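All of the numbers you see were taken from the coordinates with simple rules; none came from a lab. This one's a predicted model, so the numbers in the text were calculated from it and none came from an experiment. Here the Cβ positions follow ideal geometry from the backbone for every residue, glycine too, while neighbour counts run over all protein chains shown.
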Amino acid sequence: MTYYAVLDTNVVVSALLKEGSAPWQVLNEALNGCIIPVLNSDILNEYGEVLLRSKFGFSEQNVLRFITELPKRAIFINANPTDEKFPDPDDAVFYEVVMQAREKENAYLVTGNIKHLPVKSFVVTPREMLDIIRQN
């Protein structure tokens, strides 16, 4: 079965920091498995900007490789503003993209900061996304 998912930046960072973790498994599914990443240019730019922060220690070469490879599996969708309010305005684009994707597909928003987003059945943690995949 194929799943569509917007991956919050915190999931990508966590995945790259800890091999084998739930975020890592979700990212692996997005790069090689049954998850089709859902992106737009703002999300991809945020991934690059955050991953290049010196505190994470990722090499520029590895970040550029990731930013190049992920879009090859992804679908790109423009974000349409919603009326939702977010504690961190940078979270809005992830929610807006998943809402747009949900008009055509059963898409999920995978995040490690679930409390920063509206309570919806399609806003899930990495562990919950893995459980959804395993149940089907």
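Can you tally the net charge around MET99? Count Lys and Arg as +1, Asp and Glu as -1, for every other residue whose Cβ sits under 15 Å from the Cβ of MET99.
Taking every Cβ under 15 Å from that of MET99, the sum is -4.
Show that you can apply the helix-only estimate: for the chain, add -39,500 (n - 2.57) for every DSSP H stretch of four or more residues, divide by all residues, and state [θ] at 222 nm to the nearest 500. Kindly include the intermediate steps, with their values, before the conclusion.
Details: 6 runs with 65 residues, N = 136.
One gets -14500 deg cm²/dmol as the mean residue ellipticity at 222 nm.
Given points 7 Å out from each Cα along the Cα-Cβ axis, report the ASP42 to GLN61 separation in nanometres with one decimal.
3.4
Grab the beta carbon distance between ASN113 and GLU49, set R0 = 22 Å, and tell me the FRET efficiency rounded to 0.05.
0.80
Sort 35-42, 55-62, 107-114 by the packing proxy (mean of other Cβ within 10 Å over each peptide's residues), most packed first.
On the way: 35-42: 19.8, 55-62: 10.2, 107-114: 22.2.
So the order, starting with the most tightly packed, is 107-114, 35-42, 55-62.
Treat every Asp and Glu Cβ in the chain as -1 and every Lys and Arg Cβ as +1, leave all other atoms uncharged, and give the resulting dipole magnitude about the Cα centre to the nearest 20 debye.
So the dipole magnitude of the chain works out to roughly 360 debye.
Taking 0.36 nm per residue of sequence separation and subtracting the Cα-Cα distance, how much length would be gained by fully extending the chain between ASN28 and GLU128, in nm to one decimal?
34.5 nm
I need the phi-derived Karplus couplings for the range 56-66: 6.51 cos²θ - 1.76 cosθ + 1.60, θ = phi - 60°, integer Hz, Gly and Pro marked x.
Karplus values, whole Hz, x for Gly and Pro: 8, x, 7, 6, 4, 4, 5, 5, 5, 4, 4.
Let me check against my output: what whole-number percent is the relative contact order of the range 3-135, with C-alpha pairs under 8 Å and at least 6 apart?
Contact order relative to length: 32 percent.
Determine, from the Cβ-Cβ distance of ASN78 and THR2 and an R0 of 25 Å, the FRET efficiency 1/(1 + (r/R0)^6), rounded to the nearest 0.05.
It comes to 0.70.
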